[in-house]
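Read the structure below first, then the notes.
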Amino acid sequence: MNRFTNMMSLAALLSAAGLYAQSNPFSTEVKANYTSAKTNLMKAAEKMSEADYDFKATPDIRSYGQLVGHVADAQMGICGTAKGEQKRGDAGEKTSKADLMAALKASFDYCDSAYDALTDSDGAQMVKMFGRDRTKLGVLDFNVIHDNEMYGTMAVYMRLKGVVPPSTADRPAGQGKGGKK
């Protein structure tokens, strides 16, 4: 009986350790997606030339620089919502690549603390976004979705200017067009 009890105790401990390692699967996944979007956007902002920050795919839409500014300002507001703060950016007023990149980096620095503090339990807390009740996790996931949408738009601008987007350029050889060879 003693041996059986020891084996069961060991099995329970190992199971608990496995559950503990996966105790925040939702927030861990959102954080990983945020990190990927952050990497792509920062590299895309850096990779486009200063002259092409004024480029518009058509006259009636944002320029490349305005897209970078929009991402920075949107992130300040969205991450501010998750943090319970009223935060606004001023990147929309900037025009130079250096100023826009600094604003984008500042928005990521601001958002990093929201993602770093996120747990599944904290992510279930309700906040108001766009007049609706949303979970913090949902708000920060929305930020990732928006970042990826904007990156997709920026990637088209880059292709139109003959620049390979970072998410394609950084692929290992043999994994799709544009990968390193």
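Here are the numbers for the structure shown:
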read-out: Set 133, 116: member being at pLDDT 95 or above and closer than 15 Å to residue 34 by Cα; value: 116
read-out: Matching residues in the stretch 71-92 - criterion: being in contact (Cβ under 8 Å) with a residue 12 or more places away in the chain and open to solvent by 50 Å² or more (accessible area, probe 1.4 Å); value: 83, 84, 87, 88, 90, 92
read-out: Subset of the stretch 25-58 that is among the hydrophobic types (A, V, I, L, M, F, W, C) and crowded, with 17+ Cβ neighbours inside 10 Å - its residue that is farthest from residue 95 (Cα to Cα); value: 30
read-out: Pick from the stretch 102-135, criterion of a type in the set (D, E, K, R) and surrounded by 13 or more Cβ atoms within 10 Å (Cβ to Cβ), ranking: nearest to residue 89 (Cα to Cα); value: 105
read-out: Complete set of residues in the stretch 167-181 that are surrounded by 14 or more Cβ atoms within 10 Å (Cβ to Cβ) and either small (Gly, Ala, Ser) or at pLDDT 95 or above (or both); value: 167, 169, 178, 179
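The values are calculated or read from the model by the stated rules, or taken from the named source; none is laboratory data. Small disclaimer: the values here were computed from a predicted structure and weren't measured. Please note: Cβ atoms are built from the backbone with ideal geometry, for glycine as well, and neighbour counts cover all protein chains shown. Surface accessibility is based on the protein's heavy atoms, side chains included, excluding ligands, DNA and RNA. Shrake-Rupley method; radii C 1.70, N 1.55, O 1.52, S 1.80 Å.
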